[in-house]
Amino acid sequence: MYAKNIWVDASEEKKGKIFNFAKDYIDFLSYGKTERLVVDESIKIIEKAGFKNLNKVKKLKAGDKVYALNKGKNLLVATIGKKSIEDGMRILGAHIDSPRLDIKQNPLYEQGGFALLETHYYGGIKKYQYVTIPLALHGVVYKKDGSAINVNVGEDDSDPVLGISDLLIHLAQDQLKKPAANVIEGEDLNITVGNIPLKEDKAGNVKKYILDLLKKKYKFDEEDFLSSELVAVPAGKARDYGLDASMIAGYGHDDRVCAYTSLRAAIDAKECEYTTICVLVDKEEVGSIGATGAQSRWFENIICEMLAKEGKENHLATIHAMTNSMMLSSDVSCAVDPLYANVNEAKNSCYFSKGIVFNKYTGARGKSGCNDAMPEFVAYVRNIMDSNNIHYQTSEIGKVDQGGGGTIAYILGNYNMYVLDAGVPVLSMHSPMEIVSKADVYEAYLAYTHFLQSK
């Protein structure tokens, strides 16, 4: 069902499923503002569905449902298939990090009667989009004794919100002459956190008041910022979007919309010939690096461990398992925006409500950094979609010389497995409020489910 609008011939039953699925996803997105929160919520969902921690399982057999966790930021969910893991897997891989503002290690300072936190933006953002919007503070602070303090300010209705101020229009003549990339400089993305001075301090020190507040409420000192992981993200819940409520507006669709649909597919897939995997990774927005990024050896190590618990402890079995596997790199694609249609090439772009998007290649500057899927695998996936009446479309990321982007596809492709990018179209990508179509979200879930069940 290539490039056909889903709503046109959707039955009332299917419309009901689309909207019900969207409700669950909205709750997931509203809670999962950071990688750690996404993993925490995902574990609740999969444990409720009967998945057990791999560490507690000595031997694996067909039908077993297990999961593995890495440093609070990676999650692998697996159902053991009828065939050996060595015969290959059906893998869905998504990233759960999103662009945001990271709080610096020495962030707190006072200026002009205000206490402020310095930030360093994470991932690709338009910096001017982060001023004058409500921000929430999330994260964890580790004390030297190893204890962890969770921070969550700005999400509850009773919480204050934080924010970054902007220059009033009346005095902005010089500012408005700057290029958009420089209207707000990175070093000026400083968050206002207070204005009340410490009562006991005759000098009226506002910073001291904030430190006193943090000590009383969260039990940490200024030096503990050094071992913290605090982020500022848009405050508030994801919402229905449009008068017809056909879309969802929220922070972090890229790429939690594919993470959630992949996770649900991994839970709901039935009678799988091959072992099914959903792996959620971190750091994609900054190059997939580090211990929790897709370039980490963690994924390979877990597959090796699973093979050992299947009775195959040689590294050759891991090589065979990877080579024999097929993967959908579950990541979003840029939908055509009618307000900015000139950046897309119409025939090779994706549109709202026409289903899951397959990107044979991503990249930029002559496909640089892309995976470029093998045509035989694209044909294999097409057959799955058509055989199950799944709405799908193909796309590139804008016109050839316009720009581009990347995913984790090439990293898993390095294992010699078949990999194809597949995800949900998004409007206003990387902004504080991204938009997706509910129909596309549900169709992605169906596509992922049938892929996992493929033989």
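The values are calculated or read from the model by the stated rules, or taken from the named source; none is laboratory data. All of these numbers come straight from a predicted model, not from anything done at the bench. Here Cβ is always computed from backbone atoms with ideal geometry, including for glycine, and neighbour counts include all displayed protein chains. For accessibility, only protein heavy atoms count, side chains too; no ligands or nucleic acids. Shrake-Rupley method; radii C 1.70, N 1.55, O 1.52, S 1.80 Å.
Annotations
- Of all residues in segment 27-37, those satisfying the criterion of being touching a residue at least 24 places away in the same chain (Cβ under 8 Å) and either of a type in the set (Lys, Arg) or surrounded by fewer than 16 Cβ atoms within 10 Å (Cβ to Cβ) (or both) are Lys33, Arg36.
- Qualifying residue in segment 2-22 (condition: part of a helix (DSSP H, G or I), under 18 Å from Tyr445 (Cα atoms) and among the hydroxyl-bearing types (Ser, Thr, Tyr)): no
- Only one entry in Gly311, Gly287, Gly293 is free of Cβ contacts under 8 Å to residues at least 12 places away in the same chain, surrounded by fewer than 24 Cβ atoms within 10 Å (Cβ to Cβ) and not aromatic (Phe, Trp, Tyr), namely Gly287.
- Helices (runs of 4 or more DSSP H) contained in segment 347-455 and holding at least 3 residues open to solvent by 50 Å² or more (accessible area, probe 1.4 Å), more than 19 Å from Asp268 (Cα to Cα) and charged (D, E, K, R): 375-387
- Residue count, segment 162-176 (criterion: open to solvent by 50 Å² or more (accessible area, probe 1.4 Å) and either touching a residue at least 12 places away in the same chain (Cβ under 8 Å) or of a type in the set (Gly, Ala, Ser) (or both)): 2
- For segment 229-258, residues that are surrounded by fewer than 21 Cβ atoms within 10 Å (Cβ to Cβ) and acidic (Asp, Glu) total 3.
- Test: Thr261 is surrounded by fewer than 24 Cβ atoms within 10 Å (Cβ to Cβ), closer than 25 Å to Ala238 by Cβ, in contact (Cβ under 8 Å) with a residue 60 or more places away in the chain and polar (S, T, N, Q): no
- Filter pass, Gly50 being touching a strand residue (DSSP E or B) at 6+ places or on another chain (Cβ under 9 Å) and either part of a helix (DSSP H, G or I) or small (Gly, Ala, Ser) (or both): yes
- Restricted to segment 73-148, the set of strands (runs of 3 or more DSSP E) holding at least 2 residues that are open to solvent by 50 Å² or more (accessible area, probe 1.4 Å) and of a type in the set (Phe, Trp, Tyr) comprises 114-122.
- Hits in segment 150-177 - residues which are in contact with a strand residue (DSSP E or B) (Cβ under 6 Å, 6 or more places away or on another chain) and not in a loop (DSSP other than H, G, I, E, B): Asn150, Val151, Asn152, Val153, Leu162, Gly163
Here's the yes/no breakdown for (1) touching a residue at least 60 places away in the same chain (Cβ under 8 Å); (2) at positive phi; (3) more than 21 Å from the chain's Cα centre (by Cα):
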position	(1), (2), (3)
Tyr109	yes, no, yes
Leu116	yes, no, yes
Tyr121	yes, no, no
Tyr128	no, no, yes
Gly139	yes, yes, no
Pro160	no, no, yes
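- Listed by first and then second residue, the pairs with beta-carbon distance under 9 Å, at least 6 apart or on different chains, first residue in segment 73-88 and at positive phi, second among the hydroxyl-bearing types (Ser, Thr, Tyr), are Gly88/Tyr274; Gly88/Thr275; Gly88/Thr323; Gly88/Ser325.
- Residue within segment 4-21 that is closer than 30 Å to Lys309 by Cα and hydroxyl-bearing (Ser, Thr, Tyr) present: no
- Each residue in segment 44-72 was checked for being over 28 Å from Tyr142 (Cβ atoms), open to solvent by 20 Å² or more (accessible area, probe 1.4 Å), among the aliphatic types (A, V, I, L, M) and within 25 Å of the chain's Cα centre (by Cα), and 1 pass.
One line per residue, one yes/no per condition, for (1) hydrophobic (A, V, I, L, M, F, W, C); (2) out of contact with any strand residue (DSSP E or B) (no Cβ under 8 Å at 6 or more places or on another chain):
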position: His253; (1), (2): no, no
position: Val257; (1), (2): yes, no
position: Thr276; (1), (2): no, no
position: Leu280; (1), (2): yes, no
position: Gly290; (1), (2): no, no
position: Gln295; (1), (2): no, yes
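- Against the test of being at pLDDT 95 or above and within 21 Å of Ser246 (Cβ to Cβ), the options Asp440, Asp386 yield a single qualifying residue, Asp440.
- Odd one out for Asp24, checked against (1) more than 18 Å from the chain's Cα centre (by Cα); (2) exposed (fewer than 13 other Cβ atoms within 10 Å of the Cβ): (1)
- Output for segment 178-205, where each listed residue is assigned to a loop (DSSP other than H, G, I, E, B) and under 34 Å from the mean Cα position of the chain (by Cα): Lys178, Pro179, Ile184, Glu185, Leu189, Asn190
- Of the residues contained in segment 198-221, none is found to be among the polar types (S, T, N, Q), open to solvent by 60 Å² or more (accessible area, probe 1.4 Å) and closer than 23 Å to Val153 by Cβ.
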